[in-house]
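Bear in mind these aren't lab numbers, they're just calculated from the coordinates by the rules spelled out. Remember, predicted model here, so these are calculated numbers, not experimental data. FYI the Cβ positions are ideal-geometry reconstructions off the backbone, even for glycines, and counts take in every protein chain you see.
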Amino acid sequence: MTFQFNFTIEDGLENELTPLGDGALTLNASKESSISESQKGKHRDKTCSPEQPDLPQDHLQEHKSVRNAAPSQDTDNSLDTANRSSNLEPHERQPCLRAAKEHAVPKGLKKVLENKVIETLPGLQHNLSAVKTILLKENFPGENIVSRNFSSHSDLISGVYEGGLKIWECTFDLLAYFTKAKLKFAGKKVLDLGCGSGLLGIAALKGGAKEIHFQDYNSMVIDEVTLPNVAANSTLEDEENDGCEADVKRCRRLKEAQEIYKCRFFSGEWSEFCKVMLSNGKPFEKYDLILTSETIYNPDYYDTLHQTFLRLLDKDGRVLLASKAHYFGVGGGIHLFQKFVQERNVFETRTLEIIDEGLKRFLIELIFKCPS
Ligand SMILES: C[S@@+](CC[C@H](N)C(=O)[O-])C[C@H]1O[C@@H](n2cnc3c(N)ncnc32)[C@H](O)[C@@H]1O
């Protein structure tokens, strides 16, 4: 099998990046403002239109424009190049609160792989595969997100599409950390928050987690990327078996059902997701581990994200969060988020690792200050 990453990089963006003291990169001020101005016009009157039926108008709030530098799968250049730049679309409005819902797992899980191209991801000890999402641009049922995303070459459009079609660089950092730190998933209840490809949750599944929930803002990401990736990585290789073919098939289906039974899939905005989890009438068993990569680019979301940790994390649980030092244009980044967390005084943060290649990246842990 050949290994391939596909990346889209906006023309000239790399040249607009200037190194900062800590190894981070920033857009040159003049260029940034000119980009913002030109893109502002494009999005000035953007509201939740009837084309986006699950984006209710009454949830619109003001928000900052969004532009960023971050990496992703899914384009046509090398990983290395893509990791130095990316393109986040500005949007003049606060995201609509996209209602959360649970996605049923289709019977015969492998059917979700029909018409998908699967690739093994290189350089990972976890031996993971992922669907090639660039193909989705040609066929985007339901949500009108992919065409806008790909046609504008942007990595995300705040409140419309939050970037889950691609595999972002910090996901690979966390995966490498799992191996290095010999992280134990066995028996744990795990949430892959802002999952996109779902590789973090899939690693937890492979590591023996007892239950794994996947959450993404966009339902299409769950249906077209996360679920297929879970299917592609389910451990159902041909096994030695002396029984007849029918027995082998039955046995395989049973195992598949057992494995997928541990997984649940959700789309929607974080506060709506919390509502779904906490108010369905049943007591909610909180997560032992919340994994989240490249989800702190937008400071407008910090309060909701912090609330999500607060509401869903077990008192003895931990959040493992991976992020770039800074997300340009959007304004978020690790230091701002850590400051936000410190001010709330609920969680203690600890830096686990700093990856100092090009744009600095961080792995941090959050635990409750007073587990009670
Ligand atoms: C940049 S993508 C990162 C995807 C994936 N974690 C990775 O590293 O490849 C950010 C993810 O966070 C989720 N997200 C961001 N803001 C969100 C919000 N306000 N509510 C719900 N999900 C959000 C999106 O679904 C998106 O998949």
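List of remarks:
- Put simply, of GLY268, GLY317 the only residue that is buried (at least 17 other Cβ atoms within 10 Å of the Cβ) and within 16 Å of the ligand (Cβ to nearest atom) is GLY268.
- Residue in region 179-193 that is closer than 15 Å to HIS126 by Cβ, buried (at least 24 other Cβ atoms within 10 Å of the Cβ) and within 12 Å of the ligand (Cβ to nearest atom) present: yes
- Unmet requirement for GLU348, which otherwise passes all of (1) crowded, with 17+ Cβ neighbours inside 10 Å; (2) more than 16 Å from PRO299 (Cβ to Cβ): (1)
- Extreme residue, farthest from the chain's Cα centre (by Cα), among residues of region 210-227 that are under 22 Å from THR120 (Cβ atoms) and not in a helix (DSSP H, G or I): ILE212
- Residue in region 334-351 that is in a strand (DSSP E or B) and β-branched (Val, Ile, Thr) present: yes
- Conditions (1) more than 16 Å from the ligand (Cβ to nearest atom); (2) aromatic (Phe, Trp, Tyr); (3) buried (at least 22 other Cβ atoms within 10 Å of the Cβ): number failed by PHE284: (3)
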